[in-house]
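*Asks:* The structure under discussion is supplied below as structure tokens; questions concerning it will follow.
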Amino acid sequence: MVRICGFELFNEEKNVTEAEWRDYFLSARLPDNTAYKTLGREVKNLCIDTELQDVESRLSRLMADFYEIVDRLNIEDIVQAEPK
């Protein structure tokens, strides 16, 4: 709770009102899709390099390019699981 007060609400724990707590936790219900939209625009330009001979190299290059975009946009928390 102390971290939430300090880093999210920018207030000391003893000075946070019940209304501020309620608003903070209820704001989690509102999705923020801006990161997904930005990622979607960036990955539209990805393509498989067909000049590489084997499929494993093609896929590895594609995944490396994808993770490079994710790192550049600083949205690593979106990619939580390994792709199937």
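*Asks:* Quick one: among A35, A64, A19, which has the greatest mean-square fluctuation in a GNM of the chain with alpha-carbon springs under 10 angstrom?
*Replies:* Most flexible of the set in this elastic network: A19.
*Asks:* Would you mind telling me which residue in L59, L26, L73 has the biggest mean-square fluctuation in a Gaussian network model of the chain, where springs connect alpha carbons within a distance under 10 angstrom?
*Replies:* L26
*Asks:* Related question: Treat each spin label as a single point 7 Å out from the Cα along the C-beta direction, and report the T17 to D71 distance in nm.
*Replies:* Label-label distance for T17 and D71, simple model: 4.6 nm.
*Asks:* When the label point is put 7 Å from the Cα of F25 along its Cα-to-beta-carbon vector, which residues of the stretch 1-16 have a backbone N closer than 15 Å?
*Replies:* It comes to 1-2, 4-5, 16, nothing else.
*Asks:* May I ask you to derive the relative contact order of the chain, considering only C-alpha pairs under 8 Å and at least 6 residues apart, and to give it as an integer percent? Each step should come with its number before you reach the end.
*Replies:* Working: 30 pairs, mean separation 15.4, N = 84.
The value is 18 percent.
*Asks:* Next question. Helix-only mean residue ellipticity at 222 nm, the chain, DSSP H runs n ≥ 4 weighted -39,500 (n - 2.57), per residue, nearest 500. What is it?
*Replies:* Taking each H run of at least 4 residues, the total per residue is -14000 deg cm²/dmol.
*Asks:* Give me Rg/Rg_expected for the chain, where Rg uses Cα atoms only and Rg_expected = 2.2 N^0.38 Å with N residues. Each step should come with its number before you reach the end.
*Replies:* Values: Rg = 19.9 Å, N = 84, 2.2 N^0.38 = 11.8 Å.
Rg over 2.2 N^0.38 Å, computed on Cα atoms: 1.68.
*Asks:* Which residues make up the longest stretch of the chain that has no GluC sites (Glu not before Pro) in a DSSP loop with at most 12 other Cβ atoms within 10 Å?
*Replies:* With a cap of 12 other Cβ atoms within 10 Å, the longest stretch comes to 13-50.
*Asks:* Further question on the same structure: Once you place label points 7 Å from the Cα toward the Cβ at L52 and K37, how far apart are they in nm?
*Replies:* Between L52 and K37, the label points sit 3.2 nm apart.
*Asks:* Measure nothing fancy, just the Cα-based angle from helix 55-73's long axis to the longest principal axis of the chain, in degrees from 0 to 90, nearest 10.
*Replies:* Its long axis makes an angle of about 30 degrees.
Readers should treat all values here as calculations from the given coordinates under stated rules, not as data from a laboratory. Computed from a predicted structure; not experimentally measured. So basically every Cβ, Gly included, is an ideal-geometry build from the backbone, and we count neighbours across all protein chains shown.
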